[in-house]
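Structure, as structure tokens:
What follows draws every value from the coordinates through simple rules; no lab data is involved. All figures in this text were calculated on a predicted structure; none of them were measured in a lab. Heads up, the Cβs are rebuilt from the backbone with ideal geometry, glycines too, and the neighbour counts pull from every protein chain shown.
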Ligand code: BTN
């Protein structure tokens, strides 16, 4: 088992992704500065929907809001997937949501952990972040042409491997379950779910939004925006059709938060 868990070789991926709806063609690196940079360059060369870049270790990985996301060998999934479907693209916010929902569903199914999305597109287990998504939009003028979805998932890190200074305390599947997980199989399942959730988001957006709300950690919680929308506060009442967050503030005013990050405010005693 141990050997297989470590195995993220090109040969193994080739077998695991043989019938996968996403993940072809793929490029696998034992080490690269950032899978996102490779995938963005590849997408400019015209590679097709579903193309995947995966690295066993990453030295200059990018997170949202200027954060870094690095990972040593054998520990995590660091992947960038090009989503440029033939069907009409849903809004960017829904694509980010579909990735987070697919991740949370896969982790719950495969590991038994109660994973939840945390708007806009993080995945938490309990009060800790296990995965983050960086959706880089590809625009042609005002038209959304595609998205390079960067996925960072903490898999086999021990407590001592995880960053201590992170704004949201991180966790990994190993820390939660005391078991090592097979990254190849997890990736295969994530891509399968992502394809399903993208289809639902496009063809049955109401069904998709309902699913997202069911999985959303912040629903009915009081939250506060961080960053550009700093100061906006309210109770989360739902997720709107473009993926923005529907907030109700203390004075009963309804607001929408289009993008950014939120923190959950502690409940009053
Ligand atoms: C976040 O800040 O929560 C998003 C983190 C996204 C990290 C992933 S790892 C694979 C891909 N390559 C990168 O350089 N970043 C993304």
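Sum -39500 (n - 2.57) across every DSSP H segment of at least 4 residues in the chain, then divide by the residue count to get the 222 nm mean residue ellipticity, nearest 500.
Value at 222 nm, helices only, nearest 500: -9000 deg cm²/dmol.
For the chain, what is the percent of antiparallel DSSP beta bridges, rounded to the nearest 5?
Looking only at bridges with both residues in the chain, the antiparallel portion is about 85 percent.
Given a cut-off of under 8 Å on Cα pairs at least six residues apart, what relative contact order in percent is computed for the chain?
After rounding, I find 17 percent.
Listing 242, 250 from the residue with the fewest other Cβ atoms within 10 Å to the one with the most, what is the order?
The most exposed by this proxy come first: 250, 242.
Residue 204 to residue 144: extension gain in nm, 0.36 nm per residue of separation minus the Cα-Cα distance?
19.7 nm
What percentages make up the Cα-Cα pair-distance distribution of segment 1-87 when the bins are 5 Å wide from 0?
Per 5 Å bin, starting at zero, the Cα-Cα P(r) for segment 1-87 comes out as 3, 14, 24, 23, 20, 11, 4, 1, 0 percent.
So what's Rg/Rh here for the chain, counting alpha carbon atoms and using the Kirkwood radius for Rh?
0.95
Which of 113, 221 has the fewest other C-beta atoms within 10 Å, and how do the rest follow up to the most?
Least to most surrounded, the residues fall as 221, 113.
Would you mind classifying segment 131-269 by shape? Square roots of the alpha carbon gyration tensor eigenvalues, ordered a ≥ b ≥ c; an a/c under 1.5 is rounded, otherwise it is prolate if a/b is larger than b/c and oblate if not.
Verdict is oblate for segment 131-269.
Using alpha carbons only, how many degrees (0 to 90, rounded to 10) separate the axis of helix 92-111 from the longest principal axis of the chain?
Roughly 60 degrees between the two axes.
How do 84, 265 rank when sorted from fewest to most other Cβ atoms within 10 Å of their own Cβ?
The most exposed by this proxy come first: 265, 84.
Any chance you could give the angle, 0 to 90 degrees and rounded to 10, that helix 205-215 forms with the longest Cα principal axis of the chain?
So the helix axis and the longest Cα principal axis differ by about 90 degrees.
How far is helix 35-44 tilted, in degrees, relative to the longest principal axis of the Cα atoms in the chain, given as a value from 0 to 90 rounded to the nearest 10?
90
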